[in-house]
1. Look at A62 and say whether it is surrounded by 19 or more Cβ atoms within 10 Å (Cβ to Cβ), farther than 17 Å from E97 by Cβ and in contact with a helix residue (DSSP H, G or I) (Cβ under 6 Å, 6 or more places away or on another chain).
2. Within region 65-77, work out how many residues are charged (D, E, K, R) and surrounded by 13 or more Cβ atoms within 10 Å (Cβ to Cβ).
3. Looking at region 125-149 only, could you name the residues that are surrounded by 14 or more Cβ atoms within 10 Å (Cβ to Cβ), closer than 24 Å to D52 by Cβ and either at pLDDT below 60 or out of contact with any Asp or Glu (no Cβ under 6 Å at 6 or more places or on another chain) (or both)?
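The values are calculated or read from the model by the stated rules, or taken from the named source; none is laboratory data. Not measured: the values here are computed from a predicted model. Reconstructed Cβ throughout: ideal geometry from the backbone, glycine too, with neighbour counts over all protein chains shown.
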Amino acid sequence: LTRGALAEMRTLLLELRPSALTDAALPDLLRQLSEAIIGRARLPIHLSVEGDCALPPEVQVALYRIAQEALNNVARHAGTREAVVRLNLENHPAYLEVEDRGRGFERGRLVPQMNHMGLAGMEERARELDWQLQIDSQPGRGTRIRAEEKLVWEGTPGLNA
């Protein structure tokens, strides 16, 4: 409980000091975010990180915000017992993935009066990076959000930003 509260406080401090999102490594930020969700929602988050290359600041901030929104959605709406966050910076294309085995949803059946700005915000952040965002969800089968870099076809693939 104490560790979760401390992680939540650190996460709130990131909101007050946005430069902290570029001062720390993305895996560390995702670990802290996961601990905050664990402490607040009592929802186990399994974090898997492959690779440790430095990301351009705009990519790091966007991926952090996508993970933040996806995990908040899991905690609020999924009705699941756990979630998985995967960050792959080792192989190309690089990707960030948040997955749960919760309620899921049909995108076309979302109630218009409900606030779905989170999904739109994630899509917009990925588009600004020229990354792809996939939202796969089915009722009763959970949801998978995957932000993935587009491969550079001029020679060696790499981070585009």
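1. Details: surrounded by 19 or more Cβ atoms within 10 Å (Cβ to Cβ): yes; farther than 17 Å from E97 by Cβ: no; in contact with a helix residue (DSSP H, G or I) (Cβ under 6 Å, 6 or more places away or on another chain): yes.
Answer is no for this residue.
2. Step one: filter region 65-77 for residues charged (D, E, K, R), giving 65, 69, 76.
Add one more test, that the residue is surrounded by 13 or more Cβ atoms within 10 Å (Cβ to Cβ), and what stays is 65, 69.
So the count comes out to 2.
3. Correct list: R125, A126, L129, I145, A147, E148, E149.
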